[in-house]
1. Can you tell which of B:GLY40, B:GLY57 is more than 10 Å from the chain's Cα centre (by Cα), free of Cβ contacts under 8 Å to residues at least 24 places away in the same chain, over 17 Å from A:PHE139 (Cβ atoms) and within 11 Å of chain A (Cβ to nearest Cβ)?
2. With the structure loaded, tell me whether B:LYS58 is under 20 Å from A:SER121 (Cα atoms), touching a strand residue (DSSP E or B) at 6+ places or on another chain (Cβ under 7 Å) and loosely packed, with under 14 Cβ neighbours inside 10 Å or whether it fails that test.
3. Take the residues of region B:12-63 that are part of a loop (DSSP other than H, G, I, E, B) and of a type in the set (Val, Ile, Thr): which is farthest from A:MET113 (Cα to Cα)?
4. Please note which strands (runs of 3 or more DSSP E) are completely contained in region B:64-108 and include at least 3 residues that are among the aliphatic types (A, V, I, L, M) and facing chain A (nearest Cβ under 7 Å).
5. Just one of A:ARG151, A:ARG156 is outside any loop (DSSP other than H, G, I, E, B) and of a type in the set (Lys, Arg); which is it?
6. Consider region B:15-37. How many of its residues are surrounded by fewer than 17 Cβ atoms within 10 Å (Cβ to Cβ), facing chain A (nearest Cβ under 10 Å) and touching a residue at least 60 places away in the same chain (Cβ under 8 Å)?
7. Take the residues in region A:79-98 that are crowded, with 19+ Cβ neighbours inside 10 Å and part of a strand (DSSP E or B), then tell me which one is modelled with the highest pLDDT.
Amino acid sequence: MKRLLPELATEHRGSEAEGCGEPFGMRRFAGLVGRRQALGAIVGGTAAIAALTAVPIPAISSSPNMPEWLAALIAVRLGSTEFVEGRVVLEMPDRADTGLSVPMTVSVPDSPMTDADHVRSIHVVTTRNPQPLVTDYYFTPASGLARVSQRIRLARTQQVYCFALMSDGTSWMTARHVSVALGACADEIFLPDAKQPVDGGTS
Amino acid sequence: MAEFRIRKSVPETVRKGEVFEIKTLVTHPMDNGFMFGRDGKRIPRHIIHRFEAIYNGKTVFGADWHVAVSTNPYISFHALAEESGTIEFRWHDDNGTVHVDSVYIQVI
């Protein structure tokens, strides 16, 4: 088995937890397999993706099974675990050509935004980005309308969750599945003499 | 770092009580700390981590940005027209600087 240069392998070992690849160990795995095998894996993976995307996938508007770590993260950051699906609307394309810049609009269209009843904050979290938090928006009654548009990065195909906290104490959520053709970290591949394992991006 | 350029868009005049849209776009690399440069070294994190809009001295909208916000961050949000005055935008950079810009809005 032909291995990558050992110094490269050690370099990756220190960075696996925060690299752009899969959070747990995928980068190390990619650093240790031979080039030929890695290529085979990529080709195989691409074929698998092609096979998957060839089947028409129904748009998944929400996920009933939120990962446990996400529920824990939300409980710590937002101090609430009682999220009800509804009210908050997340508009994103079902499929994105590139994960570098995916348009996103979050809103709570039916909130009157009065002193008594307004949206306090909206939080966007992803499931498979190296860092799950995306943005936190804070509103006041003077915002008039709880609707924000921005462009975000997605490292790969994944679920995007959106949580809204209201001034009356209720909490709402929604989720959306976004397919990403080329992940936000894919520019590593295009570097000349790329020293990084080609694991980011598609999966 | 390239020059920090700001583009903003607000309606010239709005009616009192009307909700109007504010759009801003700034040039910023938003380095997320996961990328590697041509020398093979990791590019350190350098993003704008907070954005605020202050309308006549009152914060009407705020946002915390994390590394998943795209390069050259664009944002569109809304405000309620109460009286003529300035809307101040503040972008808090990781390197400690606060980029400030403002726009005058006339309420009729």
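1. After applying the criteria, what remains is B:GLY40.
2. It is false that B:LYS58 is under 20 Å from A:SER121 (Cα atoms), touching a strand residue (DSSP E or B) at 6+ places or on another chain (Cβ under 7 Å) and loosely packed, with under 14 Cβ neighbours inside 10 Å.
3. B:ILE43
4. Ranges flagged: B:74-80.
5. Only one candidate qualifies: A:ARG151.
6. The number of residues fulfilling the criteria is 3.
7. A:LEU90
One line per residue, one yes/no per condition, for (1) at pLDDT below 90; (2) under 26 Å from B:ASP31 (Cα atoms); (3) out of contact with any His (no Cβ under 8 Å at 6 or more places or on another chain):
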{"position": "A:ALA72", "(1), (2), (3)": "yes, no, yes"}
{"position": "A:ASP110", "(1), (2), (3)": "no, no, yes"}
{"position": "A:MET113", "(1), (2), (3)": "no, no, yes"}
{"position": "A:HIS123", "(1), (2), (3)": "no, yes, yes"}
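The values are calculated or read from the model by the stated rules, or taken from the named source; none is laboratory data. Everything quoted here is computed from the prediction, not taken from an experiment. When we count neighbours, we look across all protein chains shown, and the Cβ atoms used for this are built from the backbone with ideal geometry, even at glycine.
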